[in-house]
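For reference, the structure is listed below as structure tokens.
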Amino acid sequence: MAFDIPKIDYTGRIKEIKLGSGDEALTVGGQSSYPFHLFEGEMPHPPRIAMEVYDSPPEEWPEAALEPFTGVTDDPVAWAKKCVNDYGAEMVCLQLVSTDPNGLDRGADEAAEVVKKVAEAITVPLIVWGTANHDKDTEVLRRVSELCQGRKLIMGPVEEGDYKKIGASAIGYHHTVIASTPIDINLAKQLNILLGNLGVPDEQIIIDPTVSGIGYGIEYAYSVMERIRMAALAQQDEKLQFPIICNIARETWKTKEVKIATEEDPKLGDARKRGILMEAMSAMVLLLAGADVLIMRHPEAIGLVRQMIGELTTS
Amino acid sequence: MTKKSSGKRISVTFQPDDITATAEYKANLLETAIAAGVPINASCGGAGTCGTCKILIEKGRVDSIRTAKVSEEEYARGTRQACQSRILSNLTVQIPAESRLETAVLEREMASGVEAQAALATGWGFKPSVAKDFIELVPPTLKDNTSDLSRLMRGLKKRHGREKISVDFPVVKKLAQVLRDGRWMVTVTTLRDSETGLRLINIEPGDTRTKLYCLAFDIGTTAVRGQLLDLNRGKILAQSLDYNRQRSYGEDVISRIAYSQKPGGLKRLQQAVVATINKIIGELIEQAGVETKDIAHMVVAGNTTMTQLLLGLDPKYLRLAPYVPTINTAPPLTASPLGIEVAEHVHLYTIPSVASYVGGDIVAGVLGTGVYQRKKLTLYIDIGTNGEIVIGNSDWMVTASCSAGPAFEGGGIKHGMIAASGAIEDFNISRQNLEPEVHTIGNSKASGICGAGLINIVAALFSAGVINQKGKFHSHLPTKRIRRGRDGYEYVIAWATETEMGKDIVLTEVDIDNLIRAKAAMYAGCQTLIRSVGTSCPDVERVIVAGTFGSNIDIDKAVTIGLLPDLPRERFIFIGNGSLLGARLTAFSHDLVSEGQRAAGMMPNLELSESSDFMHNYVAALFLPHTHAEEFPSVRVKLNKAEQEIGI
């Protein structure tokens, strides 16, 4: 008797969403099976990687993370261009760290002007990530939304506490919202329902389940993402059938294990290699859990993950 | 109290009760009020955090710090927190309406659900544990000079055949005189005890059989409810209730247990509940026109903590893992040594409990509603601060308890109150102009919102699209009733001119959040329990809802907010106070004493805090009506219809 590989009967499909505008717009989602289960269903669009750009010079990055961007970290436009031109970034994520009220507290207008300049300098899809301060993000992202109309940004994090105003602005200017909730499948679904009720079209929602790196609770993020995909694909939970975005770079590069210099603890091995591998491995874990868009930092880590994606998607 | 000034007596008069107490210099004002029997609120037990004991100093001086609970304006007018005030001089203190423990109109709630209760209780024989027998004895002669007791027992044996009868010693002490006073015609009172058989507990001269009464009590964390029963006719002669005086030492069982650990705390709590019981007994006696001496028995149901505190048993270990009560079934005991003002032969029977957080109150409810007797799969839900749930039928039962918080009894709600006169109980809202229609208990001026009111208000605001599924206001709506308050957005339910205290009654987003948490805990508890026994909500054939949050519950609205499962409405029965019902029936039927023990014994307890599903279900239930709307199909249909009507 021939052996049949047991297969899962899927009843749902992840919605396809288009990111960005113009020739270099990308589509993610559309899967009809668990991640890379190509023997069970389709994965019409491979996961995508966005390269991180800060809107003010990073203060706490380890040497290994700074080194590829020498000379551009004080200029977000040059930095974004370098990501695209030198490292082949298919997307860029501009982290608006300068707007943090507990930090530089840069004003909404000034921050939005920078976003606009970056958006004009590159043609790949652009993610704009705030500081998760509800009042400030509302102010900043609404301004960004207005200034960059037509650019089809992906903006967030949009949380329960600020979804109404940012959501309304995204509807008005046709941007995609990053629906962000703290590692809980029910909260993720609730926010999607609220956004839907507000009138945000399904093609403009991407889920941020909140993630962390290896050693810092990545198994929780994994489990929640896995459950989101199970509900979406096997239990027809329409309000969870959205692509997932993971802001993973900042989580791995801030850990003690990545920051310790080689000479401080030689047992841990080469600091540069350690950081790249921590980022690549964390990203890979999240891909297996269902990530559609990864926000990453180091070109070599990105290279490793791209290679894996390639191998897993060629049948 | 400083040594220097001890001995200096100060007089404090509390208005409007006109009670005067003496106190020492720098004595705590709240403690002085409680000691003097002044009805005053203190939800947090005097910690200064709740602001419910606000009073007005009319004359005299106190040393009091202003906390965030007292506004500057109030402070200037003389408002202080009693618990934060030390007495410096002779005082006249006014206790405003909102700080009083009001009782008079709580009675309305007592009457509720009685008819539904009668419909439920079946299958028990009327046979009280306590009975009276009239016995005529042959007087002794020189030829027949056997002892008084042997003579009495000979007479009793004729009546009861071979049944073993034991005698309580106090009966023997008065035996000789009573026999002769009654000219050898006496009435004996016997108590049927499952362990020891028949016990002779009292003897009276003459025939007193017509006077045989019993007390049934529900000792609640918030309120104590009592009934006087006629054991000859199986009737309720009188009923009354009062706030549990322990409330002045903390609002929930945890704060009571904490208080019991203070020096003298356990004794004070025991005395407080006994004082409440005695006050109620006094009222019952007066209402019914009977004499205390004719009360022959007492049956009490309460949660495990309340039962242990009444018996003076240290409740410390109830709240420490692995959460073990001192007793589940109390051994036979008499009531008077506890301080309860009844004759010394009166035995106190406490309905057995199952676990630390599943008490005699829930056993009483199961007993009273016959959940354990019927084939139908029944879900019994006691909605309260400590939500209790039972699922099962005559073959099996499982129970769980979940901490819902005090929202259903008005706790943690800005203008929350117990279901008493002036409590807003029913509420509707016009979809056109978003104006409310408010009904209060007793049709008096509104003074707050009770549990039932809270459910109805949130259901109405949600159905009308005033709040979203997270309980947050749509602030852009064209009404001046939605405004920004101290705790975020709020909805004005009644303007100052329409209320008892002359202040706006509002419902805040924080209040709604507290209700959503409470309902989520109840629903998730039900769901977790139902799934743990391998069944699902639609299989539940009957839902019995108990609780004292109002005179009734609008099942439809409770389903709308996702408190109760969305089942055909005819499957629901509201019974009001299930605990008191069980206590009363147990008083009427000795069969139920052993049945109660059997029921308690067949109810394993599912510890929800140990269940990984509970937390998941709880978060899913933190949404109106629920994250998984498909579990509430009727609500979805209703909301869709409403949306079409108002075009949102």
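Each of B:Glu425, A:Glu16 was scored by other Cβ atoms within 10 Å of its Cβ. Arranged with the fewest first, they read A:Glu16, B:Glu425.
The length gained by stretching the chain between B:Phe169 and B:Lys127 to full extension, at 0.36 nm per residue less their Cα-Cα distance, is 12.6 nm.
Expressed as a rounded percentage, what relative contact order does chain B have, with Cα pairs under 8 Å and six or more residues apart? Result for chain B is 13 percent. The length gained by stretching the chain between B:Ala496 and B:Arg484 to full extension, at 0.36 nm per residue less their Cα-Cα distance, is 2.7 nm. Put the Cα centre of region B:386-458 next to the Cα centre of region B:208-224 and the gap is 27 Å. Computed over region B:261-377, relative contact order equals 28 percent, with contacts defined as Cα pairs under 8 Å that lie 6+ residues apart. Excluding same-chain neighbours fewer than eight residues apart, the lysines reachable from A:Lys267 by a Cα-Cα span under 30 Å are A:Lys254, A:Lys256, A:Lys259.
How are the alpha carbon pair distances in the protein assembly as shown distributed across 10 Å bins from zero to the largest one, expressed in percent? Computed distribution, short to long bins: 2, 10, 16, 18, 17, 14, 11, 6, 3, 2, 1, 0, 0.
Ranking B:Arg159, B:Arg481 by Cβ neighbours within 10 Å, fewest first, what do you get? It would help to have the intermediate numbers written out before the result.
Values: B:Arg159 13, B:Arg481 20.
By the 10 Å Cβ count, ascending, the order reads B:Arg159, B:Arg481.
In this label model, B:Asn90 and B:Ser612 are separated by 7.0 nm, measuring between points 7 Å along each Cα→Cβ vector.
With charges only on Cβ, +1 for K and R and -1 for D and E, what is the dipole size of chain B about its Cα centre, in debye, rounded to 20?
Values: 72 positive and 69 negative charges, 324 e Å.
Once rounded to the nearest 20, the dipole reads 1560 debye.
The aspartates and glutamates within cross-link reach of B:Lys638, meaning a Cα-to-Cα straight distance under 19 Å and a gap of 8 or more places when in the same chain, are B:Asp554, B:Asp556, B:Asp566, B:Glu570, B:Glu630. Counting only residues at least eight positions apart within a chain, or on another chain, the aspartates and glutamates with an alpha carbon under 16 Å from that of A:Lys273 are A:Glu63, A:Glu67, A:Glu257, A:Glu263, A:Glu264, A:Asp265, A:Glu300. When the charge dipole of the protein assembly as shown is built from unit charges on Cβ atoms (+1 for Lys and Arg, -1 for Asp and Glu) and taken about the Cα centre, the candidate among B:Ser634, B:Ala599, B:Pro565 whose Cα reaches farthest toward its positive end is B:Ala599. Here the gap between A:Asn197 and A:Glu63, fully extended at 0.36 nm per residue and compared with their Cα-Cα distance, gives a gain of 43.7 nm. Here the dipole of region A:17-313 is about 380 debye; that uses its Cα centre as origin and unit charges on the Cβ of Lys and Arg (positive) and Asp and Glu (negative). Backbone N atoms of region B:123-143 closer than 13 Å to the 7 Å Cα→Cβ label point of B:Arg180 belong to residues B:140. The Cα atoms of region B:190-278 give a gyration tensor whose axes a ≥ b ≥ c have a/c of 1.5 or more with a/b greater than b/c, which makes the shape prolate.
Only loop residues by DSSP count here, and only those with at most 14 other Cβ atoms within 10 Å; note down the chymotrypsin sites (Phe, Trp or Tyr not before Pro) in region B:551-605 that meet that.
Numbers: sites: B:Phe572, B:Phe574, B:Phe588; in loops: none.
Sparse-neighbourhood loop chymotrypsin sites (Phe, Trp or Tyr not before Pro): none present.
The ranking of B:Thr79, A:Thr262 by Cβ neighbour count inside 10 Å, starting from the fewest, reads A:Thr262, B:Thr79. Close amide H pairs (under 5 Å, H built 1.01 Å from N) link B:Leu348 with B:Leu333, B:Thr334, B:Ala335, residues at least 5 positions away or on another chain. Between A:Ile154, B:His590, B:Ile87, the Cα set farthest toward the positive side of the dipole of the protein assembly as shown (charges on each charged residue's Cβ, about the Cα centre) is that of B:His590.
Computed FRET efficiency, Cβ-Cβ of B:Lys262 and B:Ile327, R0 30 Å: what is it to the nearest 0.05?
Working: r = 23 Å, r/R0 = 0.77.
Efficiency at R0 = 30 Å is approximately 0.85.
Shape verdict for chain B, please, from the Cα gyration tensor: rounded (a/c under 1.5), prolate (a/b greater than b/c) or oblate. Mind showing how you got there, number by number?
On the way: a/c = 2.26, a/b = 1.37, b/c = 1.65.
Because a/c hits 1.5 or more and a/b fails to exceed b/c, chain B counts as oblate.
State to the nearest 20 debye the size of the charge dipole of region B:130-205 about its Cα centre, where the only charges are +1 on K and R beta carbons and -1 on D and E beta carbons. It would help to have the intermediate numbers written out before the result.
Details: 15 positive and 10 negative charges, 44 e Å.
In total the dipole reaches around 220 debye.
The Rg/Rh ratio for region B:379-422 is 1.17, where Rg is the radius of gyration of the alpha carbons and Rh is the Kirkwood radius. The lysine pair count for region B:211-350, using Cα distances under 29 Å and pairs eight or more places apart or on different chains, is 12. Using a basic spin-label model with each label point 7 Å from the Cα along Cα→Cβ, how many nm lie between B:Thr67 and B:Thr210? Calculated label separation equals 5.7 nm.
State, as an integer percentage, the relative contact order of region B:9-100 based on alpha-carbon contacts under 8 Å between residues 6 or more apart. Walk me through the intermediate numbers first.
On the way: 194 pairs, mean separation 35.6, N = 92.
Once normalised by length, the contact order is 39 percent.
Spin-label pair B:Phe134-B:Asp395: with each label point 7 Å from Cα along the Cα-Cβ axis, the two points sit 5.1 nm from one another.
Quick note: the coordinates plus some simple rules give every number you see, no bench work behind them. For clarity, every value in this text was computed on a predicted model and none was experimentally measured. FYI the Cβ positions are ideal-geometry reconstructions off the backbone, even for glycines, and counts take in every protein chain you see.
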